[in-house]
Amino acid sequence: MRIIGGSARGLHLAPVGAGDAAAHLRPTSDRVREAIFNLLINGRVAQSGNPVSDARVLDLFAGTGALGLEALSRGAARAVFVEDGTTARSLLRRNITLMRATDDTELLARDATSLGRNPGAAFSLIFLDPPYGKGLGERALAACVAGGWLAPGALIVWEESRPPTVPPGFDEIDQRKYGDTLITLLKAPT
């Protein structure tokens with residue numbers, strides 16, 4: 001697992017192997033991560049500018065943090081990682097250190113489905129990569145809305161195994177399948 005593009009391109013992140021089923025770690029493959037960032041930077045979304053550049057990124061169910069760290073490498077201003085698993089947080093801390101991104105990141109040890117009130121500025125780019133098939137993505141997105149975590153018009157990159165239930169008011173921008181992974185891009189209400 002490595003950073004695909006940007007200032008840290010080629011940086012190898014802490015190895016996870018095929019993942020850790022007990023810790024629910026299923027890292028987004030390099031290939032799928034590259035496809036996600038191509039969609040963001042070169043796809044329909046990019047018509048109104050690069051959504052990654054200077055973004056405040058919220059990485060929910062962060063796992064190893066590869067998505068948020070990739071965004072930082074590609075010009076995001078800040079990344080906040082939400083992860084409640086001990087094993088994943090340990091790997092995430094190692095990856096933040098490897099990326100030398102301590103000053104640009106924050107790690108919240110909490111459940112993404114019950115975030116509570118956002119204590120700071122809202123986020124313009126959200127990565128949502130819950131354990132597949134459990135409805136946790138829908139619950140996490142509802143928690144984001146309720147807690148004021150989303151900026152108006154925020155972009156959500158949702159990784160699942162099946163089409164998610166899109167909440168009212170959100171626009172589906174794109175959807176692509178990569179093996180058993182389905183990527184859905186949503187735009188939050190403005």
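The values are calculated or read from the model by the stated rules, or taken from the named source; none is laboratory data. Please read all numbers here as calculations on a predicted model, not as lab measurements. For neighbour counting, all protein chains shown are included, and Cβ atoms are generated from backbone atoms with ideal geometry for every residue, glycine included.
Just a few scattered comments:
- The residues on offer are ILE126, ILE156, and the sole one that is touching a helix residue (DSSP H, G or I) at 6+ places or on another chain (Cβ under 9 Å) and touching a residue at least 40 places away in the same chain (Cβ under 8 Å) is ILE126.
- Residues (of a type in the set (Ser, Thr, Tyr) and outside any strand (DSSP E or B)) located in region 160-190: SER161, THR165, THR190
- Residues in region 104-128 that are surrounded by 16 or more Cβ atoms within 10 Å (Cβ to Cβ), part of a loop (DSSP other than H, G, I, E, B) and of a type in the set (D, E, K, R): 1 in all.
- So PRO15, is it at pLDDT below 85 and surrounded by 20 or more Cβ atoms within 10 Å (Cβ to Cβ): no
- The set of residues in region 129-142 that are part of a loop (DSSP other than H, G, I, E, B) and touching a residue at least 40 places away in the same chain (Cβ under 8 Å) comprises ASP129, PRO130, PRO131, TYR132.
- Comparison of LEU92, LEU185 shows that the only residue that is within 14 Å of the chain's Cα centre (by Cα) and in contact (Cβ under 8 Å) with a residue 40 or more places away in the chain is LEU185.
- Taking the listed residues VAL145, VAL157, the one that is modelled with pLDDT of 95 or more, aliphatic (A, V, I, L, M) and part of a helix (DSSP H, G or I) is VAL145, with no other qualifying.
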